[in-house]
Amino acid sequence: DGHLESQIPKSKKLYAAKAKCLCDAVRRIFGEKARTHLGDAGFLVLMELDSPLTSAEIAGRAAQAGVAVRPVESVGSLLLSCASMGAERYEEALEVLKEVVYKKEK
């Protein structure tokens with residue numbers, strides 16, 4: 001009856017705003033150590049980290065710390081989803097991610 005069609009632009013606008021918020025949070029937390037690229041779908045952000053770790057290593061460490069990310073086939077690249085949590089928790093999750101990526105091995 002047309003209700004779904006009217007929700008699509010609203011959802012795109014919401015997720016575009018959340019993705020921008022996520023990119024801003026990455027810049028605040030990681031500074032020059034990370035670059036972000038918005039995905040075409042609107043709710044995924046590609047984050048490229050300056051790190052010697054592989055994407056799989058980063059994702060594994062993040063998972064152990066309770067943060068879910070998707071590894072991408074290049075060194076230090078991850079897909080972040082802005083749909084999986086509220087924007088108010090982005091900085092908290094990114095701080096955990098930063099800690100596990102840059103912690104010193106003993």
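If you count only protein heavy atoms with a 1.4 Å probe, what accessible area per residue comes out for the chain, rounded to a whole Å²? Walk me through the numbers on the way to the answer.
Numbers: 6860 Å² over 106 residues.
I get 65 Å² per residue for the chain.
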- For helix 90-102, report the angle its Cα long axis makes with the longest principal axis of the Cα atoms of the chain; keep it between 0 and 90° and round to the nearest 10°. 30
- Query: Going toward the positive end of the dipole of the chain, with +1 on Lys and Arg Cβ and -1 on Asp and Glu Cβ, which of Gly39, Leu97, Ser11 do you reach last?
  - Reply: Leu97
- How high is the relative contact order of the range 4-106, in percent, counting Cα pairs under 8 Å that sit 6 or more residues apart? 27
- Note on the structure: Here the Cα Rg-to-2.2 N^0.38 Å ratio for the chain is 1.15
- Note on the structure: Shape call for the range 29-83, from the Cα gyration tensor axes a ≥ b ≥ c (a/c under 1.5 means rounded, otherwise prolate when a/b beats b/c, else oblate), comes out oblate
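The values are calculated or read from the model by the stated rules, or taken from the named source; none is laboratory data. Owing to the predicted nature of the structure, the values given are computational and were not obtained by experimental measurement. Here the Cβ is made from the backbone with ideal geometry for all residues, glycine too, and neighbour counts use every protein chain on show. Just the protein is used for accessible areas: all its heavy atoms, side chains included, with ligands, DNA and RNA removed. Shrake-Rupley method; radii C 1.70, N 1.55, O 1.52, S 1.80 Å.
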